[in-house]
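Accompanying notes for the structure given below.
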Ligand SMILES: NC(=O)c1ccc[n+]([C@@H]2O[C@H](COP(=O)([O-])OP(=O)(O)OC[C@H]3O[C@@H](n4cnc5c(N)ncnc54)[C@H](OP(=O)(O)O)[C@@H]3O)[C@@H](O)[C@H]2O)c1
């Protein structure tokens, strides 16, 4: 990824569909479409990472609490050894779990060790925890200074005041906010709020999450748009996230699905289709945390 520039961004970051990246407020370029690792076993995470890189993905999203950082590291090394990618072409995100917030410096070193990399592209705090999330964020700032982390951000902050509480206590503006976001929960309020910091939104449960995908796939608006373009409902939803300006990280343990999820560059939703998708907002979350 590119070296950071010196300018401080403000305003919601624009997506570049040519390079398939967005410039974060940290100055680094981040791929706008990645593969997520939640609930994948070790062997699934290793294979999915490898298949993803082979299919063209350049962003992998894992977390300490998923227990598969080592496996992601193995999948990455397999792809590097086969000449599919170089380390600097791949953007790795991991997350600091709440029980590590009191011990952030050690948690960062442990993630680096498990992933087997000498820097992490993006680390985010996994969940708001007012008791000590500022301490954890300050540890990530020290790691940026030390060259261990490139960009830092947040996950699961659903209240603008809570987001501002953290931002006002730290120096580096969060590069990214990762929240549950899909057509039934579009995160409009938070997205508008974080734009003032140049923070970009990333969607988790982009397809509704395991066990819920059929609810979205069979929605008549989504399946109708899919039919019109000759693509799958999953592809329509992914394309909607990207056109709406949400970094999208679907998860899959199936190589065919992984290929399909990356094959979203040759069609475009029309303005009318985007408006139909926007109208699906139901303020409905699938997760209860
Ligand atoms: N920050 C947080 O608290 C948080 C919470 C949850 C998730 N996340 C992140 O967000 C990522 C995505 O969320 P998620 O995995 O929970 O949910 P998701 O991506 O919305 O849904 C995953 C489901 O979609 C299916 N799928 C994927 N592509 C498909 C396709 N082309 N056709 C049919 N089915 C398809 C998968 O099945 P197959 O395996 O059979 O393809 C799986 O059942 C996670 O992996 C994780 O990295 C973060």
### Query
Roughly speaking, what % of Cα-Cα pairs in region 47-102 are separated by over 15 Å, rounded to a whole number?
45 percent
## Note on the structure
Scoring the chain by relative contact order with C-alpha pairs under 8 Å, at least six apart, yields a percentage of 19 percent
#### Entry: Packing-based ranking, highest mean first, of 76-82, 150-156, 257-263 given that Cβ atoms within 10 Å are counted
150-156, 257-263, 76-82
#### Entry: Dimensionless Rg over Rh [region 1-135; C-alpha; Kirkwood]
0.97
### Message
As an exercise, find the ratio Rg/Rh for region 165-289 from alpha-carbon atoms, using the Kirkwood inverse-distance average for Rh.
### Response
0.99
### Task
Can you run the Rg to Rh ratio on region 89-245? Use alpha carbon positions and the Kirkwood inverse-distance Rh.
1.03
### Query
Taking the alpha-carbon centroid of each part, what is the distance from region 21-53 to region 246-289 in angstrom?
16 Å
### Query
So what is the relative contact order for region 176-289, in percent, with contacts set as C-alpha pairs under 8 Å and at least six apart?
33 percent
## Note on the structure
On each of the three principal axes the extent of the alpha-carbon atoms of region 227-289, given in whole Å and largest first, is 33, 32, 21
#### Entry: Linear extension gain, residue 10 paired with residue 113, 0.36 nm per residue minus alpha-carbon span
33.7 nm
### Message
What is the distance in Å between the Cα centroid of region 225-242 and that of region 55-110?
### Response
28 Å
### Query
Across every pair of different alpha-carbon atoms, what Kirkwood hydrodynamic radius in Å does region 110-156 reach?
11.0 Å
### Message
Once you keep just the Cα pairs under 8 angstrom separated by 6 or more residues, what percentage relative contact order results for region 1-159?
### Response
17 percent
### Task
Compute the Kirkwood hydrodynamic radius of the chain, taking the inverse of the mean of 1/r over all pairs of distinct Cα atoms, and give it in Å to one decimal.
18.9 Å
### Task
Once you have the Cα-Cα distance between residue 105 and residue 161, take 0.36 nm times their residue separation minus that, and quote the gain in nm to one decimal.
17.5 nm
## Note on the structure
One would report the antiparallel percent of DSSP beta bridges in the chain, rounded to the nearest 5, as 20 percent
### Task
Could you please rank 217, 163, placing first whichever residue has the fewest other Cβ atoms within 10 Å of its Cβ?
217, 163
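Every read-out reported here was derived from the displayed coordinates using simple, explicitly stated rules and does not represent laboratory data. As the structure is a prediction and not an experimental result, all values here were calculated from the model. Don't worry about glycine lacking a Cβ; one is built from the backbone with ideal geometry, like all the others, and counts go over all protein chains shown.
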